[in-house]
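> The structure under discussion is supplied below as structure tokens; questions concerning it will follow.
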Amino acid sequence: MAVQTIVQTVARTLAEEMARDERVVVLGEDVGKRGGVFLATEGLFDRFGPDRVIDTPLAEAAIIGAAVGMAVHGLRPVAEIQFADYVFPGFDQLVSQAAKLRYRSGGAFTAPMVVRLPAGGGVAGGHHHSQNPEAHFVHTPGLQVVYPSTPNDVKGLLKSAVRGDDPVVFMEPKRLYRAIKEEVPDDPDHLVPIGQAVVRRAGDDVVLVSYGASMSETLRAADALAEQGISAEVIDLRSLLPWDEDLVLERVARVGRVVVVSEAPRTGSFASEVAATIAEEALDLLEAPPVRVTGFDTPYPYAQDRAYLPGPDRILHAVQRVLDY
Amino acid sequence: MIGKTQRFEPFAEAPVRVIDEAGQWIAPFAYNLDDDFVRGMYRDLVRARRLDERLSTLQRQGKVSFVASAAGHEGAQVGMARAIEPGRDWLYPYYRDLPLALAVGWPLAEAIAQQMATRADPARGRQMPAHPGSAALNLFTVASPIASHVPPAVGTAIAQKLAGQGDVTLCTFGDGATSEGDWHAALNLAGAQGAPVVFFCENNGYAISVAFRHQSGSVDVATKAHAYGMPGYRVDGMDALACYFVTRQAVEAARDGLGPSLVEAFVYRYGAHSNADDDARYRPADEVAAWRRRDPIGRMRRFLEGRGLWDDAAEAALAAELKAELDAAVRAVEAAGPVPLGWMFDDVLASPSLQLRKQRAALAAQRDLEEPAR
Ligand SMILES: Cc1ncc(C[n+]2csc(CCOP(=O)(O)OP(=O)(O)O)c2C)c(N)n1
């Protein structure tokens with residue numbers, strides 16, 4: 001067991017997978033000597049060399065599109081997009097090529113590949129260094145989308161993504177890259193299955209459902225609620241496509257009150273999908289309507305970097321609303 | 001305006017130089033510039049460098065969150081700035097272009113306000129630092145996604161062509177930008193349309209850590225102009241006057257209806273990519289030192305001194321003047337105070353959506369929207 005941060009876990013997990021399977025290659029901007037701008041690929045270039053750790057030109061369409069072609073030819077590419085905000089020049093390759101390859105060929109062609117997206121706000125980056133674009137991808141059948149929030153889950157989900165048979169959008173909470181440290185098992189086969197949520201904390205009064213970077217605010221809100229004598233259950237979805245509807249519905253049915261937290265803009269968000277599913281499937285078991293706490297329907301602001309995030313204060317406010325209902 | 005006097009051959013292998021590192025005039029044509037014009041350029045070079053240094057200080061003090069130093073790029077930027085008519089022509093810069101923005105007349109206080117995102121910022125604190133923009137100057141507001149501004153620059157140039165007034169667009173970017181699909185799509189469109197646009201590449205040899213030889217199989221950027229049917233020019237980017245003359249020729253061609261050009265200036269960034277970067281990981285210190293010796297400011301000063309247009313007293317007076325100007329601007333920008341929380345809801349659409357109005361009202365019920373943002 002080693003105590004490590006999220007960003008260290010990304011680099012070490014990639015190293016383990018590259019050592020295990022020589023088909024695994026890493027490509028992206030500055031992933032070589034520089035080790036990535038966040039150091040998420042640190043050490044890989046020295047250990048595996050320029051053929052397997054490819055510093056690409058500055059072109060996301062080329063990075064993601066080349067990953068598709070490598071995957072088709074038997075490699076297992078892991079592409080880094082420097083910030084999730086810069087996936088859009090490569091959007092067409094992800095949505096039109098990667099996502100539809102299996103379907104359009106009747107299963108004859110597949111693209112087992114991973115696209116890593118450091119995402120989320122709270123880093124004073126403004127609208128082009130802070131976004132959470134998961135809704136675009138969960139709205140794209142043919143992709144899998146995960147957004148872990150802890151070093152353990154990063155290791156387990158990244159391994160599942162690399163070893164899986166489909167394209168995976170692997171979102172990383174960059175605000176938490178160095179904020180959380182925990183013991184991560186040495187087991188080279190420590191896997192977390194895609195599609196499985198986890199209960200981070202058990203509670204009886206309200207269920208808080210969140211994922212990715214917002215997990216840290218959600219857990220802080222649960223702490224604050226505990227101080228007020230309110231026991232909150234906290235579910236970390238970890239995977240968004242597919243997502244663990246069954247676990248969420250089972251827990252919400254037991255407690256009857258739910259708040260969904262996500263920092264992406266509200267309209268058309270993944271939080272809306274969760275809330276709608278709960279309303280549709282569990283209405284008669286609810287004591288209050290499901291409530292969302294989300295980012296606002298604005299581009300991510302610069303000066304209001306922190307205020308934009310659904311922080312503990314806004315989460316507590318929403319909890320009060322479902323308790324008072 | 002200075003008349004049309006000299007012609008540079010497109011695709012000449014040696015980068016155009018007008019003054020050498022010792023400050024000697026080496027152009028194949030006689031010096032024909034107004035002395036005050038050249039002194040003004042020198043002033044802009046020094047002013048840009050002083051701002052650059054001040055921003056790094058402010059960053060270390062925690063008053064500015066991000067700095068993308070332009071030190072080493074000033075010659076190219078101040079040179080090209082003199083080749084367009086600010087307020088008439090359009091400019092599509094990128095994030096390393098603060099010297100360019102200042103040189104076309106962006107007020108220093110506005111520039112600093114953008115970096116500090118106080119109430120003095122006309123862009124209302126919306127952008128991270130190093131993202132200039134000014135509607136009054138036709139200075140298109142910078143967007144972080146690399147090369148995303150190049151197709152819009154061509155659109156503006158097509159509109160200028162349709163307007164028939166002889167106005168042009170100048171669009172800048174780094175060498176890394178030339179790999180993006182948007183860049184190629186835009187140059188292709190400009191070539192097909194004969195759009196009056198000058199593309200100006202500030203090639204500092206690196207895109208963060210990626211050296212140009214890994215960026216492209218082409219020998220350089222100017223070469224790529226062949227493919228799009230436009231002239232390509234190589235110029236010594238540490239020679240502000242060379243950048244001025246070459247850009248001027250490209251601008252005049254665009255005004256005359258001869259279509260787009262691509263200019264490549266060889267520059268260097270002395271500092272790391274940004275305050276968040278560590279350049280020791282990917283480039284040798286002696287390379288940095290060698291480029292610093294070619295500094296565009298020292299070179300221009302030696303040229304002026306050689307012609308008796310500058311001396312130590314003038315330098316001291318300029319230093320004092322610029323320090324006072326910077327001090328006053330920073331003070332005024334800080335005094336304006338932080339932008340309020342509620343401003344984040346404005347300017348999404350011409351009038352806010354029903355959803356956004358409700359979201360704003362919900363937050364207003366919990367927090368005072370006039371309180372300072374953080
Ligand atoms: C579409 C996109 N991808 C990645 C980035 C991250 N990024 C910011 S600057 C940069 C390098 C740019 O290099 P270059 O164009 O040569 O300009 P320079 O910084 O050297 O002046 C990268 C990769 C970005 N801003 N936009």
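> Sort through B:ALA365, B:ALA361 and tell me the only one that's facing chain A (nearest Cβ under 9 Å) and either part of a helix (DSSP H, G or I) or closer than 12 Å to B:ARG119 by Cβ (or both). Walk me through how you get there before you give the answer.
Values: B:ALA361 fails: facing chain A (nearest Cβ under 9 Å).
Exactly one of B:ALA365, B:ALA361 is facing chain A (nearest Cβ under 9 Å) and either part of a helix (DSSP H, G or I) or closer than 12 Å to B:ARG119 by Cβ (or both), namely B:ALA365.
> Out of (1) closer than 26 Å to B:ALA240 by Cα; (2) within 14 Å of another protein chain (Cβ to nearest Cβ), what's the single condition that is false for B:PRO145?
(1)
> Here's something else I'd like to know. How many residues does region A:121-146 hold that are crowded, with 24+ Cβ neighbours inside 10 Å, of a type in the set (A, V, I, L, M, F, W, C) and over 13 Å from A:GLY212 (Cα atoms)?
Total satisfying the criteria: 1.
> Which count do you get for residues in region B:208-222 that are of a type in the set (A, V, I, L, M, F, W, C), more than 13 Å from the ligand (Cβ to nearest atom) and either surrounded by 14 or more Cβ atoms within 10 Å (Cβ to Cβ) or within 18 Å of A:ASP51 (Cα to Cα) (or both)?
1
> Return the only residue of B:PHE200, B:PHE173 being within 14 Å of the ligand (Cβ to nearest atom), within 25 Å of B:PHE29 (Cβ to Cβ) and either in the same structural domain as B:ASP277 (by TED's automatic domain parsing) or in a helix (DSSP H, G or I) (or both).
Values: B:PHE173 fails: within 25 Å of B:PHE29 (Cβ to Cβ).
Exactly one residue qualifies, and that residue is B:PHE200.
> Among the candidates B:ALA289, B:ALA250, B:ALA225, B:ALA242, which residue alone is open to solvent by 20 Å² or more (accessible area, probe 1.4 Å), more than 16 Å from the ligand (Cβ to nearest atom) and in a helix (DSSP H, G or I)? It would help to see each step written out before you state the result.
Values: B:ALA250 fails: open to solvent by 20 Å² or more (accessible area, probe 1.4 Å); B:ALA225 fails: open to solvent by 20 Å² or more (accessible area, probe 1.4 Å); B:ALA242 fails: open to solvent by 20 Å² or more (accessible area, probe 1.4 Å).
That would be B:ALA289, the only listed residue that is open to solvent by 20 Å² or more (accessible area, probe 1.4 Å), more than 16 Å from the ligand (Cβ to nearest atom) and in a helix (DSSP H, G or I).
> Also, I was wondering about something else. Can you name the residue in region B:253-269 that is open to solvent by less than 10 Å² (accessible area, probe 1.4 Å) and within 16 Å of the ligand (Cβ to nearest atom) and is also nearest to B:ALA185 (Cα to Cα) among such residues?
B:LEU262
> Any residue that is in a loop (DSSP other than H, G, I, E, B) and among the aliphatic types (A, V, I, L, M) - is there at least one of those in region B:316-325?
Our first condition is that a residue be in a loop (DSSP other than H, G, I, E, B); within region B:316-325, this holds for none.
Among the residues of region B:316-325, not one is in a loop (DSSP other than H, G, I, E, B) and among the aliphatic types (A, V, I, L, M), which makes the answer no.
> Can I ask one more? Taking the conditions exactly as written (in a helix (DSSP H, G or I) and within 16 Å of the ligand (Cβ to nearest atom)), does B:GLN77 satisfy them or not?
Numbers: in a helix (DSSP H, G or I): yes; within 16 Å of the ligand (Cβ to nearest atom): yes.
For B:GLN77, the condition - in a helix (DSSP H, G or I) and within 16 Å of the ligand (Cβ to nearest atom) - is met.
> Residues in region A:105-112: is at least one under 20 Å from the mean Cα position of the chain (by Cα) and within 12 Å of the ligand (Cβ to nearest atom)? Don't jump to the end; show me each part of the working.
Initially, region A:105-112 is screened for residues under 20 Å from the mean Cα position of the chain (by Cα), giving A:111-112.
Going one step further and asking which of them are within 12 Å of the ligand (Cβ to nearest atom), we end up with none.
So far as region A:105-112 goes, no, none of its residues is under 20 Å from the mean Cα position of the chain (by Cα) and within 12 Å of the ligand (Cβ to nearest atom).
> In the set A:THR150, A:THR218, which member is in the same structural domain as A:LEU117 (by TED's automatic domain parsing), among the β-branched types (Val, Ile, Thr) and modelled with pLDDT of 95 or more?
Details: A:THR218 fails: in the same structural domain as A:LEU117 (by TED's automatic domain parsing).
One residue alone meets the criteria, A:THR150.
> Still on this structure: Cβ-Cβ under 7 Å, sequence separation 6+ or interchain: first residue in region B:298-320 and within 15 Å of B:LEU33 (Cβ to Cβ), partner at pLDDT 95 or above and of a type in the set (Gly, Ala, Ser). Which pairs?
Short answer, once both residue conditions are applied: B:MET300/B:ALA240; B:PHE303/B:GLY23; B:GLY306/B:GLY23.
> Report every pair of residues separated by at least 6 positions or lying on different chains whose Cβ atoms are under 7 Å apart, first residue within region A:299-310 and more than 7 Å from chain B (Cβ to nearest Cβ) and assigned to a loop (DSSP other than H, G, I, E, B), second polar (S, T, N, Q) and open to solvent by 10 Å² or more (accessible area, probe 1.4 Å).
Cβ pairs passing all conditions: A:TYR300/A:GLN131.
One line per residue, one yes/no per condition, for (1) farther than 20 Å from A:ALA79 by Cβ; (2) more than 16 Å from the ligand (Cβ to nearest atom):
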position	(1), (2)
A:GLY125	yes, no
A:HIS128	no, no
A:GLU134	no, yes
A:ASN152	yes, yes
A:LYS155	no, yes
A:SER160	no, yes
A:GLU172	no, no
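> Looking at A:GLU22, is it outside any helix (DSSP H, G or I), within 14 Å of chain B (Cβ to nearest Cβ) and over 21 Å from B:GLY217 (Cα atoms)? Before the answer, list the steps.
Values: outside any helix (DSSP H, G or I): yes; within 14 Å of chain B (Cβ to nearest Cβ): no; over 21 Å from B:GLY217 (Cα atoms): yes.
So A:GLU22 does not fit the description; no.
> With respect to the numbered conditions (1) within 12 Å of the ligand (Cβ to nearest atom); (2) outside any loop (DSSP other than H, G, I, E, B); (3) surrounded by 22 or more Cβ atoms within 10 Å (Cβ to Cβ); (4) not small (Gly, Ala, Ser), which one is the sole condition not fulfilled by A:GLN82?
Result: A:GLN82 passes all but (2).
> Return the only residue of A:ARG12, A:ARG102 being away from chain B (no Cβ under 14 Å), modelled with pLDDT of 95 or more, closer than 25 Å to A:TYR177 by Cβ and part of a helix (DSSP H, G or I).
A:ARG12
> Kindly check whether there is at least one residue in region B:157-173 that is surrounded by 18 or more Cβ atoms within 10 Å (Cβ to Cβ), within 14 Å of another protein chain (Cβ to nearest Cβ) and not aliphatic (A, V, I, L, M).
Among the residues of region B:157-173, at least one is surrounded by 18 or more Cβ atoms within 10 Å (Cβ to Cβ), within 14 Å of another protein chain (Cβ to nearest Cβ) and not aliphatic (A, V, I, L, M), which makes the answer yes.
> Which ones in region B:203-222 are touching a residue at least 24 places away in the same chain (Cβ under 8 Å), assigned to a helix (DSSP H, G or I) and within 15 Å of A:PRO57 (Cβ to Cβ)?
Residues satisfying the conditions are B:PHE212, B:GLN215.
> A further question follows. Output yes when any residue across region B:107-123 is farther than 22 Å from B:ASP347 by Cβ, surrounded by fewer than 24 Cβ atoms within 10 Å (Cβ to Cβ) and more than 14 Å from the ligand (Cβ to nearest atom), and no when none is. Talk me through it step by step, then tell me what you get.
If we filter region B:107-123 for residues that are farther than 22 Å from B:ASP347 by Cβ, which is where we start, we get B:108.
Checking the rest, the ones that are also surrounded by fewer than 24 Cβ atoms within 10 Å (Cβ to Cβ) come to B:108.
If we keep only those that are more than 14 Å from the ligand (Cβ to nearest atom) as well, we get B:108.
Yes: one or more hits.
> Go over the candidates A:ALA264, A:ALA222 one by one and state the one that is surrounded by 15 or more Cβ atoms within 10 Å (Cβ to Cβ), in a helix (DSSP H, G or I) and touching a strand residue (DSSP E or B) at 6+ places or on another chain (Cβ under 7 Å). Spell out how you get there, then give the answer.
Working: A:ALA264 fails: in a helix (DSSP H, G or I).
It is A:ALA222.
> Assess whether B:PRO129 counts as being open to solvent by less than 40 Å² (accessible area, probe 1.4 Å) and outside any helix (DSSP H, G or I). Write out each step before concluding.
On the way: open to solvent by less than 40 Å² (accessible area, probe 1.4 Å): yes; outside any helix (DSSP H, G or I): yes.
So B:PRO129 fits the description; yes.
> Take region A:44-69 and flag every residue that is touching a strand residue (DSSP E or B) at 6+ places or on another chain (Cβ under 7 Å), within 16 Å of the ligand (Cβ to nearest atom), free of Cβ contacts under 8 Å to residues at least 40 places away in the same chain and open to solvent by less than 10 Å² (accessible area, probe 1.4 Å).
The one that is touching a strand residue (DSSP E or B) at 6+ places or on another chain (Cβ under 7 Å), within 16 Å of the ligand (Cβ to nearest atom), free of Cβ contacts under 8 Å to residues at least 40 places away in the same chain and open to solvent by less than 10 Å² (accessible area, probe 1.4 Å): A:ILE63.
> On the basis of being over 18 Å from A:VAL145 (Cα atoms), over 19 Å from the mean Cα position of the chain (by Cα) and of a type in the set (A, V, I, L, M, F, W, C), does A:LEU309 make the cut? Full working, then the answer.
On the way: over 18 Å from A:VAL145 (Cα atoms): yes; over 19 Å from the mean Cα position of the chain (by Cα): no; of a type in the set (A, V, I, L, M, F, W, C): yes.
When the stated conditions are applied, A:LEU309 does not pass them.
The values are calculated or read from the model by the stated rules, or taken from the named source; none is laboratory data. Note that the structure is predicted; figures quoted are calculated from it, not measured. So basically every Cβ, Gly included, is an ideal-geometry build from the backbone, and we count neighbours across all protein chains shown. To get the accessible areas, we keep the full protein, side chains included, count just its heavy atoms, and leave off ligands, DNA and RNA. Shrake-Rupley method; radii C 1.70, N 1.55, O 1.52, S 1.80 Å.
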